[in-house]
Amino acid sequence: MNHQTLIENQKKRIEHPLWMLVCFSMFSFWQMGFVYYFLEPSSAADGKIPLPINIDYGTTLTAVCYILGILTMIFLPKIIVWIQRIATGVALLSAIAFFLPLPDDILRFNIYLQIFCCCLMIGFETFLVVNCFSEKSSIKYLTFGYGIAVFLIAFVQNEVVSIPFSTFRFGMVAALVLLFIFFLRMPTGKEHLPQFVKKSDGLVPPKKMMWGAYLIAFIAALMGVGGPAVVGKVEHGVSIMYLVVALSSFTMYFLHKKANIHPFLIAPLFVGLGGFGFLVMLVSAYVPALSYVACALIGFGMTVCMLAPLYGVPIMKAYPSRYVASVIIGLAITAVLIHAVIAEMFLGAPIALYIFYAVIMAVLVFVFMQVEPFLMFALRRRIADEETTVAAEAEEPAVQASQTEAKVESKVTADTDTTDDPLLKFSPKKREVAELICMGYTNKDIAESLVISEHTVKDYVKDIYYALDVHSRIELAALVNNYRLTTKK
């Protein structure tokens with residue numbers, strides 16, 4: 001289903017060089033480094049301020065900034081890059097001000113200003129990855145870029161080495177300078193934003209993939225808060241965890257670059273290791289030396305939790321809603337609140353908490369395995385969309401549709417000398433039904449999208465399953481994904 005809106009949006013996605021993505025990753029270092037240097041790992045807003053002042057309204061300000069960011073993403077997406085330029089510039093001036101002998105009131109205001117700029121931009125990071133970055137840029141940013149940022153974050157815990165505030169200020173300024181450079185080079189204007197779906201477009205959301213991806217993002221956000229809170233109780237635990245996150249992020253990057261292994265394919269293994277880490281943490285109550293092993297294992301799971309923006313990319317490629325990034329950030333806020341309740345419930349019962357987290361990680365693995373084939377199929381449709389676009393631009397409008405389909409099908413056939421595409425054996429209509437199944441559409445959604453009866457769709461589904469010897473949507477999507485991965489290699 002190569003809808004013109006999807007094709008145009010694909011053409012708008014930006015391929016960034018690696019150095020620019022490293023500059024952008026300094027947002028994570030600035031954000032998380034600032035939080036961990038000034039606040040406790042539990043994210044208490046009145047944590048370990050290394051300055052002679054109190055912060056009384058940090059939590060309230062953080063919540064307000066999250067809400068402002070979400071509203072901006074929904075109603076004013078055209079000005080987001082400009083807001084980021086301004087906020088980064090203000091934050092940079094604020095960071096420079098930390099070098100001055102400020103009175104306590106001005107110093108307190110300066111910290112609030114840092115919190116405001118930082119938290120306002122958290123959602124915008126996800127917005128750019130989901131809506132504007134190419135798939136390759138998204139992966140490079142969330143693996144290699146995050147790897148560098150998290151490696152630096154591990155060192156501002158004052159656990160590996162002692163970093164006084166006088167030194168930390170230089171890190172803040174350097175990070176904000178690099179981030180400012182990125183935003184100055186980031187294009188602005190409506191032409192660089194996706195065309196969001198409207199009712200008149202006739203697009204139908206792939207509900208199974210969409211809600212599955214949102215569920216993964218929510219559980220990942222919940223564990224992304226829970227993991228640091230748990231390892232924070234172990235001496236040097238946070239540093240160990242983030243050093244492992246950096247190592248596993250680099251591993252994801254090189255596996256994707258050298259072997260074309262997508263991070264989604266590695267994620268279940270890393271989440272499983274993270275879940276096992278919580279069980280090892282439980283055992284460490286009796287064998288304390290194992291606590292460091294537990295922190296390292298939990299770090300693998302946290303790597304997947306940090307991929308949250310990537311879960312929105314396949315949704316946007318199938319159904320470009322203006323709410324995708326906002327929903328992901330809203331789920332993250334909800335996860336933080338729920339984690340606070342969970343921590344209160346298990347207060348004084350750490351063993352029960354570790355078991356609870358291990359179960360949640362097992363649930364994440366299960367959900368991921370159910371949704372991953374749909375996510376991968378949506379991502380791998382990119383090549384077909386681009387080929388269709390190139391062919392369409394060279395044809396006259398009157399014969400464009402038929403000749404485009406013939407060229408695309410001819411190319412697919414030419415690329416599969418020894419292996420037949422499992423979908424090519426079907427008629428165009430059945431093939432379209434099969435592709436929609438692989439993207440996570442329900443029978444009702446397929447009927448609505450193709451303007452045919454649901455009964456007809458059910459008949460097509462039976463024929464497709466029988467012809468390919470599969471028994472579920474997941475099996476069908478996995479079969480096609482395996483073919484396309486093999487062919488690409």
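The values are calculated or read from the model by the stated rules, or taken from the named source; none is laboratory data. In this text, all values refer to a predicted model and were calculated from it rather than measured experimentally. Glycine gets a Cβ as well: all are built from the backbone with ideal geometry, and neighbour counts include every protein chain shown. SASA here: full protein model, heavy atoms, side chains in, ligands and nucleic acids out. Shrake-Rupley method; radii C 1.70, N 1.55, O 1.52, S 1.80 Å.
So for the range 417-462, taking the charge dipole from beta-carbon charges (+1 Lys/Arg, -1 Asp/Glu), which of S449, P428, V461 sits furthest toward the positive end?
V461
Provide the FRET efficiency to the nearest 0.05 for the K444-Q195 pair, computing r from the beta carbons and using R0 = 25 Å.
On the way: r = 25 Å, r/R0 = 1.02.
In this case the efficiency is close to 0.45.
Relative contact order of the chain, please, whole-number percent, based on alpha carbon pairs below 8 angstrom and at least 6 residues apart.
Relative contact order comes out at 20 percent.
If I stretch the segment between K257 and V363 completely, what's the gain in nm (0.36 nm per residue apart, minus their alpha carbon distance), one decimal?
Extra length from K257 to V363 when fully extended: 35.3 nm.
What Cys residues in the chain are without a partner cysteine, judged by a Cβ distance under 4.7 Å?
Result for the chain is C23, C117, C118, C132, C295, C305, C438, no neighbouring Cys Cβ within the cutoff.
Extension gain D469-Y483, at 0.36 nm per residue separation less the Cα-Cα distance, in nm?
Gain in length upon complete extension: 3.6 nm.
Over the heavy atoms of I240, what accessible area does a 1.4 Å probe trace out, to the nearest 10 Å²?
Only protein atoms counted, so the area is about 50 Å².
Using only alpha-carbon positions, what ratio does the radius of gyration of the chain give when scaled by 2.2 N^0.38 Å?
Details: Rg = 23.9 Å, N = 489, 2.2 N^0.38 = 23.1 Å.
Normalised Cα radius of gyration, the chain: 1.03.
For F170 paired with A63, estimate the spin-label separation in nm (one decimal), with each label point 7 Å from Cα along the Cα-to-Cβ line.
For F170 paired with A63, the spin-label model returns 4.0 nm.
Would you please give the residues with an amide H less than 5 Å from that of I14, counting only those at least 5 places away or on a separate chain, with H modeled from the backbone geometry?
Under 5 Å from the amide H of I14 lie the amide H atoms of F133, S134, each far enough along the sequence or on another chain.
Quantify, in whole percent, the carbon and sulfur part of the accessible surface of the range 415-478 (1.4 Å probe; protein heavy atoms only). Please list the in-between numbers first.
Values: 1620 of 3280 Å².
Solvent-exposed carbon and sulfur of the range 415-478 make up 49 percent of the total.
With a probe of 1.4 Å, find how much accessible area the range 287-335 has per residue, and write the answer as a whole number in Å².
Details: 1240 Å² over 49 residues.
Each residue of the range 287-335 exposes 25 Å² on average to a 1.4 Å probe.
Where does the range 59-138 land on the Kirkwood hydrodynamic radius, alpha-carbon pairs, in angstrom?
By the Kirkwood definition, the hydrodynamic radius is 13.7 Å.
Divide, for the range 85-193, the radius of gyration over alpha carbons by 2.2 N^0.38 Å, where N is the residue count.
Taking the Cα Rg and dividing by 2.2 N^0.38 Å, one obtains 1.21.
Treat each spin label as a single point 7 Å out from the Cα along the C-beta direction, and report the K429 to K11 distance in nm.
3.1 nm
With a point put 7 Å past each Cα toward its Cβ, work out how far S453 is from A343 in nm, to one decimal.
Roughly 5.7 nm, to one decimal.
For the chain, what is the calculated [θ] at 222 nm in deg cm²/dmol (nearest 500), taking -39500 (n - 2.57) for each run of four or more DSSP H residues and dividing by its residue count?
-24500 deg cm²/dmol
Highest first, please rank the peptides 267-280, 465-478 by the mean number of other Cβ atoms sitting within 10 Å of their residues.
Highest to lowest by the protection proxy: 267-280, 465-478.
Report the FRET efficiency, 1/(1 + (r/R0)^6), for L76 and I96, where r is their Cβ-Cβ distance and R0 is 22 Å, rounded to 0.05.
Efficiency for this residue pair is about 0.20.
Send over a whole-number figure in Å² for the accessible area per residue of the range 150-223, probe 1.4 Å. Provide the component values of the computation, followed by the final result.
Values: 3320 Å² over 74 residues.
Each residue of the range 150-223 exposes 45 Å² on average to a 1.4 Å probe.
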